[in-house]
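Written out below as structure tokens is the structure these notes cover.
The values are calculated or read from the model by the stated rules, or taken from the named source; none is laboratory data. In this text, all values refer to a predicted model and were calculated from it rather than measured experimentally. Here the Cβ is made from the backbone with ideal geometry for all residues, glycine too, and neighbour counts use every protein chain on show.
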Amino acid sequence: MRGAPIDVLQRVPLFADLNPDELAQIALLFKERDFNQGTTIIQEGSGGAAFFVIEAGEATVSIRGTPHSTLGPGDYFGEIALIDEGPRMATITAASRLDCWGLTYWDFRPLVEANGVIGWKLLQRMAMMLRDARAQQ
Amino acid sequence: MSRIVPLKAALDVAIHGAKAVGLGQALRDGLPVPEGFALSGPLVEAVTSGDEAAEAEVRAAVGSLAGPFAVRSSAIDEDGDASSFAGQHLTLLNVPGAAELPEALREIWWSANSDAAITYRQKVGRFSRPSVAVVVQTLPAPETAGVLFTRNPVTGADERLIEASWGLGEAVVAGLVIPDHFLLDRQGQVRERRPGYKTVAIRPVATGGTVEEELAPDLVERLCLDDAQLAALHQLALRCEAVHGPDRDLEWAFADGRLHLLQCRAITTSGS
């Protein structure tokens, strides 16, 4: 089968408001990417190449060496560095075998530019992160 | 445009990448390069996307090739003059057969789309979508392998520098051993012969992939090349220079009594 399974993407909040046709189009852009337990998927400070959706397994998030949160099926990560072409803001490590679907920068950017619904949801998430950061100051 | 061609028919760098075209040229010139196939970037991306027709196309074409395989990136811009993606783009050794190729292609495609690779692209001003062409070749199981510089890359002296060790050449390339060191003059006379300290060899394993194997004590400091093999390497250097020009960086392997040329590229670190 080509691209990510629709039911996996349907579980992702970022894509929750898309209709089935839009989802099917986006699914074709995703490519399978699996990681063994213990693999560092994203290293804080590195440039960003891809955005990932978790199909199965768990990953841990740490920032400046401090554990931050755990991600599981339906969660996604890696989008910020793709938006600003800046460094990764956290380290993501596979806490178990991790089955993901990845979307590279080269496909992510045109997708967001062409799809206002996704762009709006990304903005909402950025705004939420900004509020969280302010609240922690 | 053919998405998969025998290595000997790889002619266009824009389709199959510089590595594939270089190896294809070496085959056309009669150099002892292992047989293989060149896969275009769009075909590799289609396989990575899970396109079953593309997977079938690869399996059907490569089915005639004796395994196991070495599968290497030949991305379209990876050997640019000002940059080298060596170390960013993956090489997979000892992929058992055609059935395992789709997964191998996926891994290589992602290696060229990894954070490390994209960081490098940003650094060298090549921030553009990579086209990840790939070379699939029969992998010899060598007794001895290594590198040969047709000019000394450290001093720039007009002499052959050979570094060699037991097993696959990756032990030398990855710096896992202190390799045996040989210097030959341009007539092939041995000027210097210095045993290294070779505690491990990288060997293919039957189930795929490679293993780092501890070497028997009597092999650690025993020279792994004899005079006949050094003479064969000298002849190979002459042929490569005749075909490709001076100042070449070769990777080679002796397997089943035959010398194989695995890579022939311009030296990039030549001394003044």
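Observations
- Total residues in the stretch B:201-212, condition closer than 17 Å to B:V172 by Cβ and either free of Cβ contacts under 8 Å to residues at least 24 places away in the same chain or exposed (fewer than 14 other Cβ atoms within 10 Å of the Cβ) (or both): 1
- Selected residue (criterion: surrounded by the fewest Cβ atoms within 10 Å (Cβ to Cβ)) from residues of the stretch B:111-135 that are closer than 21 Å to B:V21 by Cβ and out of contact with any strand residue (DSSP E or B) (no Cβ under 9 Å at 6 or more places or on another chain): B:S128
- Residues that are part of a strand (DSSP E or B), in contact (Cβ under 8 Å) with a residue 60 or more places away in the chain and of a type in the set (A, V, I, L, M, F, W, C) within the stretch B:134-164 comprise B:V134, B:V135, B:V136, B:A145, B:V147, B:L148, B:F149, B:I162, B:A164, listed in sequence order.
- Filter result (closer than 16 Å to A:E79 by Cβ and more than 9 Å from chain B (Cβ to nearest Cβ)) within the stretch A:19-48: A:I26, A:E44
- Number of the condition not met by A:E58 [criteria: (1) of a type in the set (D, E); (2) at pLDDT 95 or above; (3) closer than 21 Å to A:G119 by Cβ]: (3)
- Looking only at residues of the stretch A:113-125 that are touching a residue at least 24 places away in the same chain (Cβ under 8 Å) and not basic (K, R), we find that the one that is farthest from A:A50 (Cα to Cα) is A:V117.
- The one condition in (1) in contact with an Asp or Glu (Cβ under 6 Å, 6 or more places away or on another chain); (2) more than 13 Å from every other protein chain (Cβ to nearest Cβ); (3) buried (at least 19 other Cβ atoms within 10 Å of the Cβ) that A:V53 fails to fulfil: (1)
- Residue-level check: of (1) part of a loop (DSSP other than H, G, I, E, B); (2) surrounded by fewer than 19 Cβ atoms within 10 Å (Cβ to Cβ), B:R193 misses just (1).
- Residue among A:R88, A:R97 that alone is surrounded by fewer than 16 Cβ atoms within 10 Å (Cβ to Cβ) and modelled with pLDDT of 90 or more: A:R97
- Here the stretch B:55-73 is the region considered, the condition is being without any contact (Cβ under 8 Å) to a residue 24 or more places away in the chain and either touching a strand residue (DSSP E or B) at 6+ places or on another chain (Cβ under 6 Å) or in a helix (DSSP H, G or I) (or both), and the residue that is nearest to the other protein chains (Cβ to nearest Cβ) is B:A56.
- The strands (runs of 3 or more DSSP E) falling completely within the stretch A:6-100 that include 1 or more residues that are among the hydroxyl-bearing types (S, T, Y), closer than 17 Å to B:S114 by Cα and out of contact with any Phe, Trp or Tyr (no Cβ under 7 Å at 6 or more places or on another chain) map to A:40-42, A:91-94.
- One residue stands out among those in the stretch A:56-85 that are charged (D, E, K, R) and more than 13 Å from chain B (Cβ to nearest Cβ): the one that is surrounded by the fewest Cβ atoms within 10 Å (Cβ to Cβ), which is A:R64.
- Exactly one residue out of A:L103, A:L122 is in a helix (DSSP H, G or I) and over 19 Å from A:E44 (Cβ atoms), and it is A:L122.
- Cross-chain or 6+ apart pairs with Cβ under 7 Å, the stretch B:216-228 first and more than 15 Å from B:L184 (Cα to Cα) and assigned by TED's automatic domain parsing to the domain that holds B:F254, then among the polar types (S, T, N, Q) and part of a loop (DSSP other than H, G, I, E, B): B:V220/B:T199
- For first residues located in the stretch B:104-116 and more than 8 Å from chain A (Cβ to nearest Cβ), partners that are of a type outside the set (S, T, Y) and in a helix (DSSP H, G or I) and lie 6+ apart or on another chain with Cβ distances below 6 Å form the pairs B:L105/B:V44; B:L105/B:V47.
- From the list A:G72, A:G38, the lone residue that is at pLDDT 90 or above, at positive phi and not aromatic (F, W, Y) is A:G38.
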